[in-house]
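Trainee: Following this message is one structure expressed as structure tokens.
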Amino acid sequence: MQIPFNKPYLTSKELIYIKNAVSLGKISGNGNYTQKCHEFFQNRYGFKKCLLTTSCTDALEMTAILLDIKPGDEVIMPAFTFVSTANAFVLRGAKIVFADSRTDHPGIDESKIEALITSRTKVIVPVHYAGVACDMDIIMDIAKRHNLFVVEDAAQAIDSFYKGKPLGGIGHLGCFSFHETKNIQCGEGGMLIINDERFSKRAEIIWEKGTNRAAFFRGEIDKYGWVDIGSSFLPSELISAFLFAQLENLDDIQVKRKSLWKKYFQNFERYRISRLNLPIIPDYATNNAHMFYLVCNNLQQRTEIIKILKENDILSVFHYLSLHKSPFYTTKHDGRVLNESDKYSDTLVRLPLYYELSATDLERITNTIISKSL
Ligand SMILES: Cc1ncc(COP(=O)(O)O)c(C=O)c1O
């Protein structure tokens with residue numbers, strides 16, 4: 001039987017909570033289940049303010065509005081990331097200044113950031129690739145010295161930590177994804193974390209189409225109206241109800257994913273596949289088992305591995321294509337060569353990792369790779 005790359009896990013409570021949301025008679029956004037999800041994150045991680053969104057893309061777009069990004073502003077981020085990290089700022093006219101990745105990890109190379117700062121730089125966007133933290137002390141220090149904002153793209157980083165601090169809760173703003181490929185999912189979904197209280201009130205207005213409706217529903221004002229720019233960034237209660245069922249099972253999901261990740265690591269380590277590089281988790285970071293990837297030695301080897309797996313009915317996938325070389329941005333990029341980013345574009349392969357992946361299937365995957373690579 002085919003082993004898919006991903007299979008969204010259902011806890012069995014999703015439909016019960018959706019039915020309950022329907023019976024409560026309010027299925028548009030910011031209702032009972034939205035509040036329950038916000039409280040869950042605030043209590044568990046100490047986040048000051050959370051706003052569920054319809055995607056991480058939306059949460060990132062909200063940050064660009066909140067930070068008043070204007071044409072000509074510059075935003076520094078890794079080239080090895082998803083298009084939404086960049087698009088959110090490009091939509092508001094920003095110029096993206098792409099940084100290279102680390103040699104040992106696909107995350108942004110912190111040591112390369114400072115040289116990219118100009119008088120127009122406004123934001124640094126570290127992306128916690130595979131849920132593994134960037135070195136946030138260094139990034140926050142650079143931001144402080146140059147008076148810049150930090151937006152954490154924590155799309156893959158739920159329940160992961162940097163020196164004990166939850167990811168998404170360190171920069172001025174943080175963004176999560178609950179897309180069906182993530183550890184916790186609701187099909188399409190996301191969340192904005194507001195760590196700097198200066199942005200709390202306005203974030204809620206932008207979230208609610210530029211109106212102060214949220215304050216009205218709390219009884220703080222007697223009528224609501226159009227007070228700022230904004231859009232419809234909040235998900236319906238049907239989505240929040242689904243997500244809440246997942247959140248209740250967060251610990252169970254994480255235990256399972258971590259054990260699968262560990263098994264992959266041990267299997268490859270045991271056979272000492274020197275021709276394949278295993279993921280590195282720096283001392284300051286935790287591993288939330290969002291992804292298990294291998295870094296091949298070249299594109300040819302990776303193509304071969306994906307092909308062999310496919311012939312054995314196993315689906316594996318590569319990941320981002322360096323954004324500075326994308327058809328949309330290549331002519332706008334300043335021409336700097338970003339070797340590490342290109343290396344991960346060419347050589348990184350992600351293996352199946354999902355709650356229901358059986359031990360037998362995991363062995364089948366590792367054995368297929370090991371038998372061809374020794
Ligand atoms: C680093 C990163 N940022 C942002 C996103 C966008 O997330 P969403 O699909 O929830 O909009 C993704 C998608 O996987 C991602 O990998």
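Trainee: Quick check on the chain: helices-only [θ] at 222 nm, where DSSP H runs of length 4 and up contribute -39,500 (n - 2.57) each and the sum goes over total residues. Nearest 500, please.
Mentor: Working: 12 runs with 137 residues, N = 374.
Value at 222 nm, helices only, nearest 500: -11000 deg cm²/dmol.
Trainee: Longest span of the chain, sites excluded, free of GluC sites (Glu not before Pro) in DSSP loop with at most 13 other C-beta atoms within 10 Å?
Mentor: That would be 1-219.
Trainee: Could you calculate, for the chain, the ratio of the Cα radius of gyration to the Kirkwood radius, expressed as Rg to Rh?
Mentor: 0.98
Trainee: Tell me the Rg and the Dmax, in Å, that the Cα atoms of region 107-230 produce.
Mentor: Calculated on Cα positions, Rg and Dmax stand at 16.7, 51 Å.
Trainee: Once the whole set of protein chains is in place, how much accessible area is left on S326, using a 1.4 Å probe, in Å² to the nearest 10?
Mentor: Only protein atoms counted, so the area is about 30 Å².
Trainee: While we're on this one: Be a star and scan region 246-267 for residues whose amide nitrogen sits under 18 Å from the point 7 Å along the Cα-to-Cβ vector of E180.
Mentor: 246-247
Trainee: Once the whole set of protein chains is in place, how much accessible area is left on K310, using a 1.4 Å probe, in Å² to the nearest 10?
Mentor: 130 Å²
Trainee: Over region 309-361, with every protein chain in place, what whole percent of the accessible area is carbon and sulfur at 1.4 Å, could you tell me? Intermediate values should be presented prior to the final figure.
Mentor: Values: 1480 of 2640 Å².
Using a 1.4 Å probe with all protein chains present, region 309-361 comes out at 56 percent carbon and sulfur.
Trainee: Sorted by accessible area with a 1.4 angstrom probe, largest first, how do S322, S371, S231 fall?
Mentor: These residues rank, largest area first, as S371, S231, S322.
Trainee: So for the chain, averaging the separation of alpha carbon pairs under 8 Å that are six or more residues apart and normalising by length, what relative contact order in percent results?
Mentor: It rounds to 23 percent for the chain.
Trainee: Hey, any idea what % of region 16-82's accessible area is carbon plus sulfur with a 1.4 Å probe?
Mentor: Roughly 54 percent of what the probe reaches on region 16-82 is carbon or sulfur.
Trainee: Hey, another quick one. Compare W261, W207, W226 by solvent-accessible area with a 1.4 Å probe and give them largest first, with all protein chains kept in place.
Mentor: From most exposed to least exposed: W226, W261, W207.
Trainee: Another question, then. I need the phi-derived Karplus couplings for region 181-189: 6.51 cos²θ - 1.76 cosθ + 1.60, θ = phi - 60°, integer Hz, Gly and Pro marked x.
Mentor: Along region 181-189, the couplings run 7, 8, 4, 10, 9, 9, x, 10, x Hz.
Trainee: Still on this structure, please answer the following. With the Cα gyration tensor of region 1-93 giving a ≥ b ≥ c as the square roots of its eigenvalues, does the rule (a/c under 1.5 for rounded; else a/b larger than b/c for prolate; else oblate) give rounded, prolate or oblate?
Mentor: Here region 1-93 falls in the oblate category.
Trainee: Using protein chains only and a probe of 1.4 angstrom, how many square angstrom of K325 are accessible, to the nearest 10?
Mentor: K325 exposes around 120 Å² with every protein chain in place.
Trainee: Just want to confirm a number: the relative contact order over region 232-374, from Cα pairs under 8 angstrom separated by 6+ residues, in percent.
Mentor: Taking the mean separation of contacting Cα pairs over the length of region 232-374, I get 31 percent.
The values are calculated or read from the model by the stated rules, or taken from the named source; none is laboratory data. Model, not experiment: these values are computed from the prediction. Counting neighbours? That spans all protein chains shown, and the Cβs are built from the backbone with ideal geometry, glycine included. When the accessible area is computed, the model is the full protein with side chains, heavy atoms only, and any ligands, DNA or RNA have been set aside. Shrake-Rupley method; radii C 1.70, N 1.55, O 1.52, S 1.80 Å.
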